[in-house]
Amino acid sequence: MKLVAIIPTYNEESTIGEVIKGTSKYVDDILVINDGSTDSTAETAKIAGATVIDNIVNRGLGKTIQRGYEEAIKGGADIVVQIDADGQYDPEEIPKLIKPILKIEPTSFLVQG
């Protein structure tokens with residue numbers, strides 16, 4: 001099961017590295033969706049080990065999050081978690097967050113017709 005974290009960002013160079021470091025312990029891949037940052041957010045995220053997807057211009061949080069989910073699913077994610085780039089959320093909560101999802105039987109999603 002592939003677990004991917006998406007992190008929408010806009011000018012978060014001071015916090016993004018630590019967020020990626022903390023998150024990488026719990027996920028298979030990290031996608032940083034850089035929403036037209038004018039600082040070193042993208043470079044800092046790459047150095048920290050994330051895959052960076054750039055919006056050339058600022059598209060807003062909603063569109064940036066949507067793009068993150070689309071890219072994660074396109075990349076084969078089975079589970080996607082979203083975390084903020086400013087460190088507001090503790091990555092150590094990721095296992096608690098996905099625990100109920102892992103208990104669901106995959107066949108329960110099949111539509112009987």
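For the chain, what % of the accessible area comes from carbon and sulfur atoms, probe 1.4 Å? Here it works out to 53 percent. Overall, segment 18-98 carries a charge dipole of about 200 debye about its Cα centre when +1 sits on the Cβ of Lys and Arg and -1 on the Cβ of Asp and Glu, all other atoms neutral. Rolling a 1.4 angstrom probe over the protein heavy atoms with all chains in place gives the chain an accessible area of 61 Å² per residue. Once all protein chains are placed together, TYR10 keeps about 110 Å² accessible to a 1.4 angstrom probe. Model label sites at ASP78 and LYS21, defined 7 Å from Cα along the beta-carbon direction, differ in position by 3.0 nm. Each peptide in 2-9, 56-63 was scored by the mean count of other Cβ atoms within 10 Å over its residues; highest first, the order is 2-9, 56-63. Put simply, when 29-40, 88-99, 73-84 are sorted by average Cβ atoms within 10 angstrom per residue, most first, you get 29-40, 73-84, 88-99. If the chain linking LEU97 and ILE47 were pulled fully straight, counting 0.36 nm for each residue of separation and taking away their Cα-Cα distance, it would gain 15.3 nm.
When the Cα gyration tensor is reduced to axis lengths a ≥ b ≥ c, the ratio a/c is 1.5 or higher for segment 1-65, and with a/b not above b/c it is classed as oblate.
The values are calculated or read from the model by the stated rules, or taken from the named source; none is laboratory data. Quantities reported herein were computed from a predicted structural model and do not represent experimental measurements. Cβ coordinates were reconstructed from backbone atoms using ideal geometry, including for glycine residues, and neighbour counts include every protein chain displayed. Surface areas here come from the heavy atoms of the whole protein model, side chains and all, with no ligands, DNA or RNA. Shrake-Rupley method; radii C 1.70, N 1.55, O 1.52, S 1.80 Å.
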